[in-house]
Amino acid sequence: MKPVKYVVFCAVTLILLMSFKEAVFSANDIKLPKPAFTGKMSVESAMLKKKSVRHFSKDPLTLEQVSQLLWAANGALPVDAISGATVKTLPSAGGIYPLEIFLLTGSDTVKGLPAGIFQYYAISNSLVQISQGDGRLALAQAALSQLWIASAPAVVVIAASFNKMTAKYGNQGIKYVFMESGSSNQNLFLQAEALGLRIGTVGAFEEGSVSSAIKIPAGVTPLFIVPVGK
Ligand SMILES: Cc1cc2nc3c(=O)[nH]c(=O)nc-3n(C[C@H](O)[C@H](O)[C@H](O)COP(=O)(O)O)c2cc1C
């Protein structure tokens, strides 16, 4: 590569990485399998099958399935080689991408992952464990004791940094964050159906109770609890 092209390439890469404002490299990263960009079910069939369930078998999920679900919820798309635009699997006002995704697992409920609470990083397609041990029951109790949540082998929490959005859009940004969490929730439903998994969604909880139950970082507000399993 010619020196000028190399400098441009490096600068563009740096800007793209910074625009996501995520920790890209970390010693604690658990690298996830690369998500598949094609599947066995059409989007129409996935919509036809879409159904909320509230009980799950004890069968564990694979790391591939979990990776695919997290990518659908808030994953990065391949960088556009011409425009250099970096976008995710859902639209975001001003390209701000305020959502943060967390994953709760139990012991042996996801093959290859210990019991714990993890944060998902889209650019590196990886997880960072933020706490050890099975947090699913505490989460279910914080969600108005909807205990069925704890029976799911994987529980995704869609959360957001409202400040990221309101810093640019003021009060209007609050509405945008709620809109975007709905996109993420729907992506999860369609992806779960396409993988032949079962899924439910929970909005009935008090945000503060859920935040302290699963100790998500300050400034991040939980919006949906999404249990997934078989
Ligand atoms: C914003 C929102 C909040 C919800 N909260 C809960 C909840 O707290 N508990 C629950 O069991 N289901 C919850 N649901 C799921 C709905 O009850 C479910 O989508 C509805 O009954 C329609 O069923 P279907 O999804 O199978 O079509 C929620 C759905 C949405 C969109």
- Ignoring everything but the protein chains, give the 1.4 Å probe accessible area of VAL220 in square angstrom, nearest 10. 20 Å²
- Sort out for me the Cα centre separation of region 57-105 from region 169-230, rounded to whole Å. 13 Å
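Determine the calculated [θ] at 222 nm for the chain from helices alone, applying -39500 (n - 2.57) to every DSSP H run no shorter than 4 residues and normalising by the residue count; nearest 500 deg cm²/dmol. Intermediate values should be presented prior to the final figure.
Numbers: 7 runs with 82 residues, N = 230.
It comes out at -11000 deg cm²/dmol, rounded to the nearest 500.
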- Note on the structure: Taking Cα atoms only, helix 3-19 is inclined relative to the longest principal axis of the chain by an angle, in degrees rounded to 10, of 30 degrees
- Message: Just to verify a number: what accessible area does GLU207 come out at with the full protein assembly present, 1.4 Å probe, Å² rounded to tens?
- Response: 90 Å²
- Item | About the Cα centre, charge dipole magnitude for the chain (Lys/Arg +1, Asp/Glu -1 at Cβ), debye | 320 debye
- Item | Distance (nanometres) between label positions extended 7 Å along Cα→Cβ at GLN132 and GLU64 | 3.1 nm
- Task: Compute the longest continuous run of the chain that contains no exposed chymotrypsin sites (Phe, Trp or Tyr not before Pro); treat a site as exposed when its DSSP state is not H, G, I, E or B and it has at most 12 other Cβ atoms within 10 Å.
- Result: 38-230
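If a/c stays under 1.5 just call it rounded; otherwise compare a/b with b/c (prolate if a/b is bigger, oblate if not). Do that for region 22-229, with a ≥ b ≥ c from the square roots of the Cα gyration tensor eigenvalues.
rounded
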- Query: Among VAL79, VAL87, VAL66, which one shows the biggest mean-square fluctuation in a GNM of the chain, springs joining Cα atoms closer than 10 Å?
  - Reply: VAL79
- Message: Could you work out how much longer the chain between SER145 and SER45 gets when fully extended? Use 0.36 nm per residue separation minus the Cα distance between them, nm to one decimal.
- Response: 32.7 nm
- Message: Which one, GLY95, SER209, MET165, is farthest towards the positive end of the dipole of the chain when Lys and Arg carry +1 and Asp and Glu -1 on their Cβ?
- Response: GLY95
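The values are calculated or read from the model by the stated rules, or taken from the named source; none is laboratory data. Quantities reported herein were computed from a predicted structural model and do not represent experimental measurements. A quick note on method: Cβ atoms are made from the backbone with ideal geometry, for glycine too, and the neighbour counts reach across all protein chains shown. Please note that ligands, DNA and RNA were not included when accessible areas were found on the heavy atoms of the full protein model with its side chains. Shrake-Rupley method; radii C 1.70, N 1.55, O 1.52, S 1.80 Å.
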